[in-house]
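Chemist: Structure incoming, see below.
Nothing in this text is a laboratory measurement; each read-out follows from the coordinates by a stated rule. The shown structure was predicted, so the numbers you read here are calculated from the model rather than taken from an experiment. Heads up, the Cβs are rebuilt from the backbone with ideal geometry, glycines too, and the neighbour counts pull from every protein chain shown.
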């Protein structure tokens, strides 16, 4: 049942994306990010994400993001993303954006978890077609990993639940 | 309509992933599960700023002793004490956090304290972020270890009450590390495990509290003055699978 839901969801998403492309309302952004760790254990994240948007209006976009996030483990996030431009387009256009979803853990002995990242930023029309993005916000990434050790007395294992909150700093570009 | 379908499908897609998570710890016959069931006071308010509080889980250490009370090995210790990663402690090393475990372990560091340091933390694989709810640890003892004691020590920071107030001064019998200290001292539970009897479940009993100022590893049986700290855990069991 889970697989069916997953398959149908992917199919629907794909179909809608193709239809959206026909209307030429698609845009993409790529972000390179890091952050200032706020939680314990501390871990400075490194993220490389790509977001595909469906431009619902000139100021409001919704889409899907994915990429790679590196914490103690490498994660692959998949999230819904909404973006709202706070003013009409200028050379510098402020915007608010929020991504919310789930990160997969491709490595063994790791479970993925909740991903949430609200940010505010500014689009800089530095080039004719492309815009440079600067954003700051918050990023929450949860996941679980197995910890194991062995000594002369025992083997021990436990599941560690990590919840990394950080001040997110991102630079990117629209395509 | 298309937008609705798109959004719905995305939500379905994302929500379906949560159910994909698996238990990372798998138990086989003979393995031992040390299970801590959280009580009503598992999470404790810790002030951040502007009156905003964060709910913090307790510091926890689990270790083994032989039947004579000699320390054998740590099974688990919370990340903050294991790595000296306290937040907002103003330099307090928090020796009053889990003194029974620290003294049982018996490793003295350069500053004379029995606490791991940032430079010499506990083995990383033995430490973890304390979960926001109960958790369990799997242990597989070697073939020679048939009788042993599982000890668990738990403590909240700034868990002050009338008997262990913030205002207590160093040297007072109820001093617990000052305003960034413990308040109510750490509590210690133990379960005597004997693998030769065929018994499958051993319930840990509360055996006392630790030194409130962290200056010794003594366990005090007098529980007067300990209030909410007794509800940090509901139950601790050691179960043979």
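Chemist: Can you grab the distance from the C-alpha centre of the range B:130-169 to the C-alpha centre of the range A:141-175, Å, no decimals?
Modeler: So the two Cα centres are separated by 22 Å.
Chemist: Here is a follow-up. Restricting to Cα pairs below 8 Å that are 6+ residues apart, what does the relative contact order work out to for chain B? Please round to a whole percent. Kindly include the intermediate steps, with their values, before the conclusion.
Modeler: Numbers: 524 pairs, mean separation 63.4, N = 241.
Relative contact order of chain B: 26 percent.
Chemist: Next up: Could you tell me which of rounded, prolate or oblate describes the range B:85-174, using a ≥ b ≥ c as the square roots of the eigenvalues of the alpha-carbon gyration tensor, with rounded for a/c under 1.5 and, failing that, prolate when a/b is larger than b/c and oblate otherwise?
Modeler: Working: a/c = 1.81, a/b = 1.59, b/c = 1.14.
Here the range B:85-174 falls in the prolate category.
Chemist: For peptide A:157-166, how many partner chain Cβ atoms fall within 10 Å of a residue's Cβ, on average? Show your work: numbers first, answer last.
Modeler: On the way: counts 12, 16, 10, 10, 7, 3, 3, 1, 0, 0.
Partner-chain Cβ atoms within 10 Å, mean over residues of A:157-166: 6.
Chemist: Which whole-number value in Å³ per residue fits the convex hull of the alpha carbons of the range B:136-241?
Modeler: That works out to 115 Å³ per residue.
Chemist: What's the FRET efficiency of residue B:235 with residue B:162 using the Cβ-Cβ distance as r and R₀ = 25 Å, to the nearest 0.05? Spell out each step's value before the answer.
Modeler: Details: r = 27 Å, r/R0 = 1.08.
It comes out at approximately 0.40.
Chemist: Taking only Cα atoms, what is the 0 to 90° angle, nearest 10, from helix A:2-22's long axis to the longest principal axis of chain A?
Modeler: So the helix axis and the longest Cα principal axis differ by about 20 degrees.
Chemist: Next up: Is there a simple number for the mean count of other chain Cβ atoms within 10 Å of the Cβ of residues in B:21-30, and what is it?
Modeler: Details: counts 8, 4, 4, 13, 8, 2, 1, 0, 0, 0.
Counting other chains' Cβ atoms within 10 Å and averaging over B:21-30 gives 4.
Chemist: Indicate, rounded to the nearest 5 percent, the antiparallel portion of the DSSP beta bridges found entirely in the range B:93-241.
Modeler: Percentage antiparallel, nearest 5: 95.
Chemist: Classify the range A:27-89: rounded, prolate or oblate, from the alpha-carbon gyration tensor (a ≥ b ≥ c, eigenvalue square roots; a/c under 1.5 rounded; otherwise prolate if a/b is larger than b/c)? It would help to have the intermediate numbers written out before the result.
Modeler: Working: a/c = 3.08, a/b = 2.02, b/c = 1.53.
Here the range A:27-89 falls in the prolate category.
Chemist: Counting only helical runs of four or more DSSP H residues, what would the 222 nm mean residue ellipticity of chain B come to if each run contributes -39,500 (n - 2.57) and the total is spread over all its residues? Before the final figure, lay out each step's value.
Modeler: Working: 3 runs with 29 residues, N = 241.
Dividing the helical sum by the residues of chain B leaves -3500 deg cm²/dmol.
Chemist: Taking chain B on its own, what percent of its Cα-Cα pair distances exceed 24 Å? Intermediate results must be reported in sequence, preceding the final value.
Modeler: Numbers: 14324 of 28920 pairs.
Summing the P(r) tail past 24 Å for chain B gives 50 percent.
Chemist: Label the protein assembly as shown by shape, choosing from rounded, prolate and oblate, from the square roots a ≥ b ≥ c of the eigenvalues of the Cα gyration tensor; if a/c is under 1.5 it is rounded, and otherwise prolate applies when a/b is larger than b/c, oblate when it is not.
Modeler: Values: a/c = 2.80, a/b = 1.84, b/c = 1.52.
In terms of gyration-tensor shape, prolate.
Chemist: Something else now. Ranked highest first by the average count of other Cβ atoms within 10 Å around their residues, in what order do A:112-120, B:136-144, B:116-124, A:132-140 fall?
Modeler: On the way: A:112-120: 20.1, B:136-144: 16.4, B:116-124: 14.1, A:132-140: 18.1.
In descending order of packing, they fall as A:112-120, A:132-140, B:136-144, B:116-124.
Chemist: Using Cα pairs closer than 8 Å and at least 6 residues apart in sequence, work out the relative contact order for chain A, in percent.
Modeler: Working: 436 pairs, mean separation 33.9, N = 175.
The normalised contact order for chain A reaches 19 percent.
Chemist: Percent of Cα-Cα pairs per 5 Å bin, from 0 to the last occupied bin, for chain A, please list those.
Modeler: 2, 8, 15, 19, 16, 14, 11, 7, 4, 2, 1, 1, 1, 0
Chemist: Rounded to the nearest 500, what is chain A's calculated 222 nm mean residue ellipticity when only DSSP H runs of at least 4 contribute -39500 (n - 2.57) each, over all residues? Before the final figure, lay out each step's value.
Modeler: On the way: 1 runs with 21 residues, N = 175.
Computed ellipticity for chain A at 222 nm equals -4000 deg cm²/dmol.
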